[in-house]
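What follows is a set of notes on a single structure, which appears directly below.
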Amino acid sequence: MTAVQTTAATRDALGPTLVRLQQSGAVDLVVVDADLGKSTTSRKFKDVYPERFFTFGVAEQNMISAAGGFASLGYTVFASSFAVFVEHAFDQLRMSIAQPRLNVKVVASHGGVSTGEDGASAQSIEDIALFSSLPTFKVGVPADVVEAEAMIEAAAKDSGPWYIRTGRPKIPVLYTDGPRYQIGKADTLREGGDLTIVACGLLVERALRAADALAAEGVSARVLNMATIRPLDVDALEAAARETGAIVVAEEHLVHTGLGAMVAQALATRHPVPMEFVGIPDRYGESGTWDQVLEIMGLTSQGVADAARKVMARKRR
Amino acid sequence: MVTVAQTDLQSRTRRIRRHIVNMVYGAKSGHIGGSMSSTEILTVLYDRILKHDPANPAWAERDRFIMSKGHCTPLQYAILAEFGYIPVEELSTFRQKGSRLQGHSVLGKPAGVENSAGSLGMGLSFGLGIRLGMRLRGQDSHVYVLMGDGEQQEGQVWEAAMAAAHHHVDHLVALIDRNGIQNDDFTKNTMDSAPLEEKYRAFGWEVRTDVDGHDLAAVEAALTWARDVRGKPACVIFNTTKGKGVSFMENNPNFHGAPPTDEEYVRAMEELPA
């Protein structure tokens, strides 16, 4: 599968998907918001179901605990804001949702440094670590808008807490033939025998381009889209390690606490192989266009390809 | 005039206080002071006000009681035992390995516990979500949230207070146990929340204040008033005594979260006749 011209932001999936789900009658939705419904697109749900949409103002702690209250009555609750602002309510996520295992889906937009111009304060680079640290939460990062829609639907129909990170930039649509998303299953986008690139979010498309570059050098890279971070598809990772003997993990998140760290922990007990990591180094972001900031952080197809060359050199030693 | 019904309630509060002291003494940990200060409030609530069915704790139309001061589980479990949700014998398992009776409130452990708590300041928000969800379904059931006065220092309480008035929520009742003491010291020395009643009024709530939280008739009158407020959320501020019922625990900051010694236990039980 290769990237095509169409682009869209993963955040655009939220509002329309919620409307469709409520219309389907499959779920009994409540949507809560903290004054960013236009940006997260959840306000599109309000346009159709105003009585099921509740705004809490700029008060994320109250919104998250109230979401737990709604869910305790049996509603499926979607809470959204920017990723950095739901982080503001971490203890509420822990006490009002995670511990009682309530049916709240946090869909946060503007994840990662690709939020761009707003700078470090608006760029969530620690959200995957925070949500992955909460037992009972499932965590997902869709690779394109098609997968985002499928993931939101899967989360709505699954019981228990979820965190889904969506993004602001318009990125290439990968799943032009429709979604293949399954909870907790890696999707093999490209077969390969020399190494495996494990990626999530907008790094998936960059990993595919890196695999193209590597192919020109005679290196065959498998590409796994690890859209579900928790639960992690450890079986797919073990198979990749056994069959290709080297792993690169690429993500738009702090490199020491994200998908890469979790993949490394899983493989350390299953089948350790040489690994390299592409992620945000131990620093905060800055202003710039979204692709400029990604470049500053080394989150490019070139960066992924370089990591692949490095891991191949270690594998050959 | 003390009615027969009140005599009955008084014997309930005495049993509940003995349970509280027994549980904390047995567990060698737990929070006596704030449990004793809220004893009359919860006893009257469960006996006279709350629409509930211990035989069917999942009854969809029930009122919800939300324990926001989640450290006061000795009182919460004693109430659940007194009103038939759990056997009295189970109280001795409080804070023990394998027990349902966890140190702080955990939703569903046992049935009748409607929220998880322990971090302060979240119960009013959780209760607000429940009440808004009830309203969406056309249910007129009530939500009662018990908070401490130290808890009013949490900013989230005021986020919830603002949102409840904004959404014109009624059938939502905040019960504040103003015992004047928090973990380290007296509340007025730590972070004075006074004037509390004016703050809630300014946030758009109907408020009844300075209710004697240990006078059964006064508690019942205030809870009845709060239940019947329409168009706005209601708040009752009870003046209480931390550690009420045991002389040397009363108004003593040392009995917020510490268990009694062997000697203190004996003296406490002497002061709490069955």
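The values are calculated or read from the model by the stated rules, or taken from the named source; none is laboratory data. Everything numeric in this text was worked out from a predicted model, so none of it was measured. Ideal geometry is used to build each Cβ from the backbone, glycine not excepted, and the neighbour counts take in all protein chains shown.
Selection of the stretch A:232-278 for residues being more than 29 Å from A:THR115 (Cα to Cα) and in contact with a helix residue (DSSP H, G or I) (Cβ under 7 Å, 6 or more places away or on another chain) yields A:VAL234, A:LEU237, A:GLU238, A:ALA241, A:GLY245, A:ALA246, A:ALA266, A:LEU267, A:ARG270, A:HIS271, A:VAL273, A:PRO274. I need the full set of residues from the stretch B:105-132 which are more than 8 Å from chain A (Cβ to nearest Cβ), more than 18 Å from A:GLU60 (Cα to Cα) and in a loop (DSSP other than H, G, I, E, B), in order please. Selection gives B:SER105, B:PRO110, B:ALA111, B:GLY112, B:VAL113. On the given criteria, is B:LEU80 outside any loop (DSSP other than H, G, I, E, B) and either within 12 Å of chain A (Cβ to nearest Cβ) or not small (Gly, Ala, Ser) (or both)? Here the answer is yes, as B:LEU80 does meet what is asked.
Applying the condition of being in contact with a His (Cβ under 9 Å, 6 or more places away or on another chain) and over 18 Å from B:ARG208 (Cα atoms) to the stretch B:160-189 and asking which residue is farthest from the other protein chains (Cβ to nearest Cβ) yields B:ILE181. Residues of the stretch A:246-263 that are touching a strand residue (DSSP E or B) at 6+ places or on another chain (Cβ under 7 Å) and surrounded by fewer than 20 Cβ atoms within 10 Å (Cβ to Cβ): none at all. Selection of the stretch A:270-284 for residues being touching a residue at least 40 places away in the same chain (Cβ under 8 Å) and more than 18 Å from the chain's Cα centre (by Cα) yields A:VAL273, A:PRO274, A:TYR284. List the number of the failed condition for A:LEU18; all other conditions in (1) in a helix (DSSP H, G or I); (2) free of Cβ contacts under 8 Å to residues at least 60 places away in the same chain hold. Result: A:LEU18 fails condition (2) only.
The residue of the stretch B:216-244 that is farthest from the chain's Cα centre (by Cα), among those that are more than 14 Å from B:LEU146 (Cβ to Cβ) and among the small types (Gly, Ala, Ser), is B:GLY231. For the stretch A:52-71, a residue qualifies if it is among the polar types (S, T, N, Q) and buried (at least 24 other Cβ atoms within 10 Å of the Cβ), and the qualifying residues are A:GLN61, A:ASN62, A:SER65. Residues in the stretch A:76-86 that are closer than 20 Å to A:GLY160 by Cβ and either surrounded by fewer than 24 Cβ atoms within 10 Å (Cβ to Cβ) or among the β-branched types (Val, Ile, Thr) (or both): A:THR76, A:VAL77, A:VAL86.
When A:ASP235 is tested against (1) without any contact (Cβ under 8 Å) to a residue 60 or more places away in the chain; (2) more than 19 Å from A:TYR181 (Cα to Cα); (3) charged (D, E, K, R), only condition (2) is not met.
I'd like the residue in the stretch A:129-150 that is among the small types (Gly, Ala, Ser) and crowded, with 24+ Cβ neighbours inside 10 Å and, out of all such residues, is nearest to B:PHE126 (Cα to Cα). For the stretch A:129-150, the residue satisfying everything is A:GLY140. Among the conditions (1) over 17 Å from the mean Cα position of the chain (by Cα); (2) closer than 25 Å to A:ALA89 by Cα, B:ASP184 misses just one, which is (2).
Taking the criterion of being within 17 Å of A:VAL198 (Cβ to Cβ) and surrounded by fewer than 16 Cβ atoms within 10 Å (Cβ to Cβ), the only residue of the stretch A:272-305 that qualifies is A:PRO272. If the condition is being at pLDDT below 95 and of a type in the set (A, V, I, L, M), then the stretch A:5-35 contributes only A:ALA26.
All of A:GLU126, A:GLU191 fail the test of being in contact (Cβ under 8 Å) with a residue 60 or more places away in the chain, surrounded by fewer than 18 Cβ atoms within 10 Å (Cβ to Cβ) and more than 24 Å from A:ALA8 (Cβ to Cβ), apart from A:GLU126. Here the condition is being without any contact (Cβ under 8 Å) to a residue 60 or more places away in the chain, in the same structural domain as A:LEU267 (by TED's automatic domain parsing) and either under 23 Å from A:LEU294 (Cβ atoms) or in contact with a Pro (Cβ under 8 Å, 6 or more places away or on another chain) (or both); of A:THR196, A:THR228, it holds for A:THR196 alone.
Of the helices (runs of 4 or more DSSP H) lying entirely inside the stretch A:58-145, those carrying at least 1 residues that are more than 21 Å from A:CYS200 (Cβ to Cβ) are A:60-72, A:83-87.
In the stretch A:92-109, the residues that are facing another protein chain (nearest Cβ under 8 Å) form Cβ pairs under 6 Å with partners that are of a type in the set (Phe, Trp, Tyr), at six or more places apart or across chains, as follows: A:SER96/B:PHE126. In the stretch A:265-317, which residues are touching a strand residue (DSSP E or B) at 6+ places or on another chain (Cβ under 9 Å), over 23 Å from A:GLU126 (Cβ atoms), part of a loop (DSSP other than H, G, I, E, B) and not β-branched (Val, Ile, Thr)? Of everything in the stretch A:265-317, just one residue is touching a strand residue (DSSP E or B) at 6+ places or on another chain (Cβ under 9 Å), over 23 Å from A:GLU126 (Cβ atoms), part of a loop (DSSP other than H, G, I, E, B) and not β-branched (Val, Ile, Thr), namely A:PRO274.
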